[in-house]
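Written out below as structure tokens is the structure these notes cover.
The values are calculated or read from the model by the stated rules, or taken from the named source; none is laboratory data. Since the structure is predicted, the reported quantities are computational estimates derived from the model, not experimental observations. Cβ sites come from the backbone with ideal geometry, for glycine too, and all protein chains shown count toward neighbours. What goes into the accessible areas is simple: the full protein's heavy atoms, side chains included, and nothing from ligands, DNA or RNA. Shrake-Rupley method; radii C 1.70, N 1.55, O 1.52, S 1.80 Å.
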Amino acid sequence: MSNSDQTTTVHEASPEVPGLRLLTYGEAAPDVAEFVRVSNACNAADGMDDLNTAEQLANWLGHATGAFSPATDMVCATLDGAFVGYGWVDWVDTTDGLREFRLSGYVHPDVCGRGIGRRILAWQEDHARAHPAVTAERPMGFGSWSPEERTRKRRLLERHGYVVERYFFDMLRPTLEAIEMPPMPEGIEIRPIGTDRASLKQLWDADVEAFADHWGGFDGSEAAFERSLADPDAEPGLYVVAWDGDEIAGGVTNAIYRAENEAFGRRRGWLETVFVRRAWRRRGLGAAIVARALTRLREAGMSEAMLGVDSANPSGALGLYERAGFGVHTRSFAYRKPMEVDR
């Protein structure tokens, strides 16, 4: 990524935060290790058993999309020359008609309480209001996301007018023993997915289609697919894919975050995405593929499994997962705030 085509915006410190500078990623260009250091310090301070790796962050930063370019859509905070935080803005057209500019970020816990998070949030909102994706065709809004444990982030958002719009759960199945195995619906079978680009694109497209009627939204673009191909944690051999002839009816993209497991002394697998396309719903396929995904993780040496779910999922996913042995482990909140813009 060349600095010659990057737009740089520098926000000098306000009087109440002496020594603070906010620079776009294109100007600051910190080493990926700095992002890892800050984000994992936040995870530890908030009591979260999450671990970000340099490989994951390098893949994210190295793949710009139409909705997010690190060079211009990310701000880096330095305090007296030391890297102490960062924030970014991306956008998505949601399934309920909003163009939502999503604001995320971290501030190192050693410097929390000095107004740095407030300054990053102000930069993000200003950046979103001036973004080329602002349009008159949809209502505009800000969005953010916070696990329940991130109390400082939640307070910051709520003090600046963000309200909880939706609740999400991370659900845990604490053992992979005694997995009940529902039968596959007639005419549908489990077969491996190829590791070639065309096969993985077919799976991606099926997943995007299946989630088109769920609340919120996500980036299903070609650029986001390319990023997924380079995901250092992707293991297509762990995936469970249900086929109806040559059509993908549903699937589960399992994942094992091995560095995280080692750091926390566990053997946890994730059902990262569970989907059934509309034409194949209400036939028991969801329960069948979840059970087989759990079995696949057990065969890979895992002893527990996690997944995320919208608490108000319209397809009844929460009940399906509870019947499969999952229970609510943690909660997260989806925040929103209206955006007023001059058009």
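Kindly check whether there is at least one residue in the range 244-253 that is at pLDDT 95 or above, open to solvent by 40 Å² or more (accessible area, probe 1.4 Å), in a helix (DSSP H, G or I) and not hydroxyl-bearing (Ser, Thr, Tyr). Looking for residues that are at pLDDT 95 or above, open to solvent by 40 Å² or more (accessible area, probe 1.4 Å), in a helix (DSSP H, G or I) and not hydroxyl-bearing (Ser, Thr, Tyr), one finds none in the range 244-253, hence no. Checking each residue of the range 288-300 against the condition of being buried (at least 17 other Cβ atoms within 10 Å of the Cβ) and in a loop (DSSP other than H, G, I, E, B) gives no match.
Please name all residue pairs, on different chains or six or more residues apart, with Cβ atoms under 6 Å, provided the first residue is in the range 309-328 and is on the phi > 0 side of the Ramachandran plot and the second residue is assigned to a strand (DSSP E or B). Pairs found: GLY325/ARG173. Count of the range 304-343 residues, restricted to those that are part of a loop (DSSP other than H, G, I, E, B) and out of contact with any Asp or Glu (no Cβ under 9 Å at 6 or more places or on another chain), is 9.
Just so you know, in the range 72-93 the residues that are among the small types (Gly, Ala, Ser) and surrounded by 20 or more Cβ atoms within 10 Å (Cβ to Cβ) include one that is farthest from the chain's Cα centre (by Cα), and it is ALA77. Residues in the range 28-60 that are modelled with pLDDT under 95 and surrounded by 17 or more Cβ atoms within 10 Å (Cβ to Cβ): ALA28 alone. Answer with yes or no whether GLY237 is at negative phi and in a helix (DSSP H, G or I). So GLY237 fits the description; yes. Within the range 155-164, is there a residue that is within 18 Å of THR253 (Cα to Cα), out of contact with any Asp or Glu (no Cβ under 8 Å at 6 or more places or on another chain) and not hydrophobic (A, V, I, L, M, F, W, C)? There is no residue in the range 155-164 that is within 18 Å of THR253 (Cα to Cα), out of contact with any Asp or Glu (no Cβ under 8 Å at 6 or more places or on another chain) and not hydrophobic (A, V, I, L, M, F, W, C).
Can you tell me which residue is farthest from PHE83 (Cα to Cα) among those in the range 95-137 that are assigned to a loop (DSSP other than H, G, I, E, B) and open to solvent by less than 20 Å² (accessible area, probe 1.4 Å)? So the residue we want is ALA133. Within the range 265-287, being open to solvent by less than 10 Å² (accessible area, probe 1.4 Å) and either small (Gly, Ala, Ser) or assigned to a loop (DSSP other than H, G, I, E, B) (or both) holds for one residue alone: GLY269.
Of everything in the range 156-200 that is among the basic types (Lys, Arg) and in a helix (DSSP H, G or I), the residue that is most open to solvent (accessible area, probe 1.4 Å) is ARG159. Sort through GLU209, GLU262 and tell me the only one that's out of contact with any Pro (no Cβ under 9 Å at 6 or more places or on another chain), open to solvent by 10 Å² or more (accessible area, probe 1.4 Å), assigned to a helix (DSSP H, G or I) and without any contact (Cβ under 8 Å) to a residue 12 or more places away in the chain. That would be GLU262, the only listed residue that is out of contact with any Pro (no Cβ under 9 Å at 6 or more places or on another chain), open to solvent by 10 Å² or more (accessible area, probe 1.4 Å), assigned to a helix (DSSP H, G or I) and without any contact (Cβ under 8 Å) to a residue 12 or more places away in the chain. Being part of a helix (DSSP H, G or I), of a type in the set (Phe, Trp, Tyr), farther than 22 Å from PHE326 by Cα and open to solvent by 20 Å² or more (accessible area, probe 1.4 Å) is the requirement here; does TRP145 meet it? Spelling it out, it is not the case that TRP145 is part of a helix (DSSP H, G or I), of a type in the set (Phe, Trp, Tyr), farther than 22 Å from PHE326 by Cα and open to solvent by 20 Å² or more (accessible area, probe 1.4 Å).
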